[in-house]
Amino acid sequence: MLHSIALRIVKCKADAEDIVQDTFLKWLSIEKEQIQNTRAYLIKSVTNNCLNHLQALKRKKVEYMDQIPEFITKFKELDLSQIDINIDMQAALKVIHNKLEPLERAVFVLREVFNFDYEALQELLEKKKDHCRQLFSRAKKKLEGESLKINFDWPTKPQWVENFSKACEMGFSSDLIKSLQIDAKPA
């Protein structure tokens with residue numbers, strides 16, 4: 001009987017069972033001499049416990065609803081445009097890494113992305129200016145050619161890619177030059 005009363009009030013079987021069990025535990029711990037009608041006492045206890053439970057749920061709902069505007073504000077503060085840019089950049093770097101030889105890659109990244117002139121490339125890579133021009137031209141042709149199916153998972157991300165990302169975020173980095181130089185040296 002107590003379970004059916006609790007179930008009608010809270011409309012949840014598990015909560016009703018818990019409320020009835022709590023009521024019986026309380027019943028076992030009190031002095032029963034003062035209680036004139038046991039049935040009425042238990043019904044009133046279950047009813048009160050159900051109402052207290054519903055009030056607690058209502059308070060939790062209000063607290064939760066109060067937190068939603070804060071969550072929305074934090075969500076709006078996230079710069080979601082960066083996610084697309086990072087994905088696109090990783091895809092482009094993957095194509096560059098797979099399609100270009102290390103020396104072509106060094107010339108292309110430094111020339112195209114960071115606007116190095118051929119004299120600086122000659123000095124950094126220890127190659128003649130004409131050779132750097134030829135490498136740059138060859139790299140552009142390779143990248144304009146047949147598209148490569150992009151797999152976004154790198155088995156191990158090359159160091160130059162990590163340094164490229166850092167250089168883009170924090171300004172140009174000598175670490176990128178060093179990693180491209182190491183990568184471009186013949187094995």
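What the table below lists for this structure:
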quantity: Cut-off 13 Å between beta-carbons: net charge of the residues surrounding residue 25, Lys and Arg +1, Asp and Glu -1; calculated: -2
quantity: ³J(HN,Hα), Karplus 6.51/-1.76/1.60, whole Hz, each residue of the range 126-136, x for Gly, Pro; calculated: 6, 10, 5, 4, 5, 5, 5, 4, 5, 4, 5
quantity: Proximal lysines to residue 44, defined as alpha-carbon separation beneath 27 angstrom and excluding residues fewer than eight positions away on the same chain; calculated: 11, 13, 26, 32, 58, 60, 61
quantity: For residue 181, net neighbour charge (Lys/Arg +1, Asp/Glu -1) across residues whose Cβ lies under 12 Å away; calculated: 0
quantity: The range 108-116 - phi-based ³J(HN,Hα) in whole Hz, Karplus 6.51/-1.76/1.60, Gly and Pro as x; calculated: 4, 5, 5, 6, 6, 8, 9, 6, 6
quantity: FRET efficiency, 1/(1 + (r/R0)^6) with R0 41 Å, evaluated for residue 87 and residue 117 via beta carbons; calculated: 0.85
quantity: Sequence-distant residues sharing a close amide H with residue 116 (under 5 Å, placed H); calculated: 111
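Every number in this text was worked out from the coordinates using simple rules, so none of it is lab data. No experiment lies behind these values; they were computed from the predicted model shown. Glycine gets a Cβ as well: all are built from the backbone with ideal geometry, and neighbour counts include every protein chain shown.
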